[in-house]
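Everything on this sheet refers to the single structure shown next.
The values are calculated or read from the model by the stated rules, or taken from the named source; none is laboratory data. These figures come from a predicted structure and were not determined experimentally. Positions of Cβ are generated from backbone atoms using ideal geometry, with glycine treated the same way; all protein chains shown enter the neighbour counts.
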Amino acid sequence: MSKKYITDSINIGEHNLDASMMSSLNTIVANSSSYLTTLPAHNHDILYHNSTNSIDVVDHSSHTWLRNAAGQWTFQSGTSGDDWTQSFTHYLPVRTADNAQYMELGQRNSNQSEGSYKGVRIVKYSGGSVVDGDLKVDNIVSTGTISNGSIWINDGTNYNNYNENIRLFNPANGVSVIAFAANGERGVPQFLLY
């Protein structure tokens, strides 16, 4: 069905829609099947490009579903169009067996030979600023070095100059100690290794 406007421009709020913009709007409306569909019979609010890539705003017990056939959802920083160098992706591999896959979270593409983001930092807002947050997990599987302010554990190949697997850093009191059979973080241990 053709569209016809009887005015040269329409003012909506503080924005003026002129004849050129109306022509663009006609193109968008004509191609509307690629942008937005009507609500399905089951009354979900849904945006989709095709049957396997969609956003169900309210669906399945009030969940919002982001559905992507390839299992990839990408976020981009900055204002450039499709700038992979500033992109970050959630990736879900195809299911193979029960609890066998890892969801990947990180940069998977770049317009350059290197990306911009090295990993993930968990943060929280405390004391009026962004600080390091907490992470609760079951098992930890590390393919690299584990390190914090007190201890260093090599990744199986990085032995330093002393062929060490574990290194204790010198704490504020100047004594590096391992406590055995301690009750909790501050309970009295049965014996210590200096």
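Key figures for this structure:
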| read-out | value |
| --- | --- |
| Test for residue 104: is it under 30 Å from residue 53 (Cα atoms), acidic (Asp, Glu) and within 16 Å of the chain's Cα centre (by Cα) | yes |
| Segment 88-124, residues that are free of Cβ contacts under 8 Å to residues at least 24 places away in the same chain, under 24 Å from residue 76 (Cβ atoms) and of a type in the set (Ser, Thr, Tyr) | 89, 91, 102, 113 |
| Segment 66-83: number of residues that are under 19 Å from residue 53 (Cβ atoms) and either in contact with a Ser or Thr (Cβ under 7 Å, 6 or more places away or on another chain) or of a type outside the set (Gly, Ala, Ser) (or both) | 10 |
| Residues being over 15 Å from residue 177 (Cα atoms) and either surrounded by 11 or more Cβ atoms within 10 Å (Cβ to Cβ) or in contact (Cβ under 8 Å) with a residue 12 or more places away in the chain (or both) - total across segment 145-158 | 8 |
| Subset of segment 107-122 [within 15 Å of the chain's Cα centre (by Cα) and surrounded by fewer than 12 Cβ atoms within 10 Å (Cβ to Cβ)] | 118, 119, 120, 121, 122 |
| Condition check for residue 125: over 30 Å from residue 175 (Cα atoms) and not in a loop (DSSP other than H, G, I, E, B) | yes |
| Residue within segment 80-99 that is at pLDDT below 95 and acidic (Asp, Glu) present | yes |
| Residue in segment 138-158 that is under 30 Å from residue 84 (Cα atoms), under 25 Å from the mean Cα position of the chain (by Cα), not assigned by TED's automatic domain parsing to the domain that holds residue 194 and not in a loop (DSSP other than H, G, I, E, B) present | no |
| Test: residue 133 is assigned by TED's automatic domain parsing to the domain that holds residue 192 and either at pLDDT 90 or above or under 30 Å from residue 190 (Cα atoms) (or both) | no |
